[in-house]
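Report on the structure given below.
The values are calculated or read from the model by the stated rules, or taken from the named source; none is laboratory data. Treat the numbers as computed from the prediction; the structure is a model and nothing was measured. Every residue, glycine among them, receives a Cβ derived from its backbone with ideal geometry; neighbour counts consider all protein chains shown.
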Amino acid sequence: MNAHPDSDSDIQEEYDDQILDARRARWTASGTGALLALAGLAASALRLSGAAPALVPAAYAFGAVVCALAAVLGSRGRTRRALWLLVAGVMVMAWGDQFDRG
């Protein structure tokens, strides 16, 4: 006999909470990656039409591709890798932006 009659329901509730947390993490990684990829592509297109050095739009485009890859990984449940790719993608975009300021 169980000492706690609610132990099975507690375990099930904890399991359900973990599933919801994982689903939220996937949606967050996917949505953030897609949003940053679109922002990077838009910035790349704007810088391409201006007088910026060629490295600037290329950095934005490459950062956007990295963020899009993070969105794909996030949707497949690889949220830690997606997070690191998002950080790397934004860093590449910021690095490219430094050449536009000079």
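Answer yes or no as to whether Arg47 is surrounded by fewer than 22 Cβ atoms within 10 Å (Cβ to Cβ), in a helix (DSSP H, G or I), touching a residue at least 40 places away in the same chain (Cβ under 8 Å) and among the basic types (Lys, Arg). Outline the logic, then answer.
Details: surrounded by fewer than 22 Cβ atoms within 10 Å (Cβ to Cβ): no; in a helix (DSSP H, G or I): yes; touching a residue at least 40 places away in the same chain (Cβ under 8 Å): yes; among the basic types (Lys, Arg): yes.
No, not satisfied.
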Positions within the range 29-45 being over 15 Å from Ala94 (Cα atoms) and over 15 Å from the mean Cα position of the chain (by Cα), in sequence order = Ala45
Unique residue being in contact (Cβ under 8 Å) with a residue 12 or more places away in the chain, of a type outside the set (S, T, N, Q) and assigned to a helix (DSSP H, G or I) when the list is Leu85, Leu20 | Leu85
Given (1) at pLDDT below 95; (2) buried (at least 18 other Cβ atoms within 10 Å of the Cβ), number of the condition Ala68 does not satisfy | (1)
So Ser75, is it without any contact (Cβ under 8 Å) to a residue 60 or more places away in the chain and over 16 Å from the mean Cα position of the chain (by Cα) = no
Residue match in the range 22-36 (condition: of a type outside the set (D, E, K, R), modelled with pLDDT of 95 or more and under 16 Å from Asp97 (Cα atoms)) | yes
